[in-house]
Amino acid sequence: MKNKHPTAKFGALTCVLTLALGAQAQQAPAPQPSQTAEGAQRFLSTLVRKGNGYAWFVDAQNRTNYVRGKAVRTTTHIGVMGNDETKSERVIEKQLGAFTVSSIDSQGPDGKPDACLTRIAKWETKEQFVENKSWQTTDEGILIDTPILHNENSTYELTPELVGPHWIDWRNVKLARSTNGAQMTASFKAKNFTAHLSFTGETELVDRVEYAMKFLKMSCDDTTATGF
């Protein structure tokens, strides 16, 4: 039996290669989107929506998440002839733990988008702003002891400076990673506050956060245009 013409063999081989390349093209993963500052902002915003973002704000007096308020104390002396009640008020203050961030974006103070700014727009605290405590003491008398009941109600409020939105400016930001690698923090010092925005998670996730933060810092550094 005679062999087929070489042209027929080449055509068959071409067809097989075409089918094979077509199958590989179908199996090939979709190309990754290009990396941009806007994309890094969206990545961090997505993590915030998943509950991975935290923030704390340090004021000019080096107080972290500083709040103040008032405490009203009611003191009641339980006497034989009746009760004697007095009230007193005092100013109170304390520092809170890190806030859970619930919303960030890239809106600047002028309301316009700026990929080199991250606005920490909303945050929440698990700590109570209203506290109540009661206790009892005894006033020892000559013939009879007098029980004294104490009740103190404390109410805290966020300071006006703390309520307003804060920004992380990637043009002049400091980055730090915790020694155990589970937290990455970006810090920016403004006029009256230093804002800290951090993300926590498994090592692989924090690796991505670190890369995104460094990408933003590099992208927003206008000195890189010099080539140095």
(message) Less than 13 Å Cβ to Cβ from residue 129, Lys/Arg counted +1 and Asp/Glu -1: what total charge do the surrounding residues give?
(response) -1
(message) Just to be sure I follow: if Rg is taken over the C-alpha atoms of region 51-142 and Rh is the Kirkwood radius over the same atoms, what is Rg/Rh?
(response) 1.26
(message) Heavy atoms only, 1.4 Å probe, whole protein assembly: order 129, 199 by accessible area, highest first.
(response) 129, 199
(request) With all protein chains present, calculate the accessible area of residue 76 using a 1.4 Å probe and round the result to the nearest 10 Å². (result) 20 Å²
(request) Assign unit charges at the C-beta atoms only (+1 for Lys and Arg, -1 for Asp and Glu), then state the dipole size of region 100-222 relative to its Cα centre in Debye, rounded to the nearest 20. (result) 740 debye
(message) Once ligands and nucleic acids are excluded and a 1.4 Å probe is used, how much of residue 127 is accessible, expressed in Å² to the nearest 10?
(response) 70 Å²
(request) Net charge near residue 43: determine it from the other residues with C-beta under 15 Å of the C-beta of residue 43, scoring Lys and Arg +1 and Asp and Glu -1. (result) +1
(request) Could you work out the local net charge near residue 95, counting Lys and Arg as +1, Asp and Glu as -1, over the other residues with Cβ closer than 15 Å to its Cβ? (result) -2
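The values are calculated or read from the model by the stated rules, or taken from the named source; none is laboratory data. All figures in this text were calculated on a predicted structure; none of them were measured in a lab. All Cβ positions, even for glycine, are placed from backbone atoms using ideal geometry, and neighbour counts span all protein chains on display. These area figures cover heavy atoms from the full protein model, side chains too; ligands, DNA and RNA do not enter into them. Shrake-Rupley method; radii C 1.70, N 1.55, O 1.52, S 1.80 Å.
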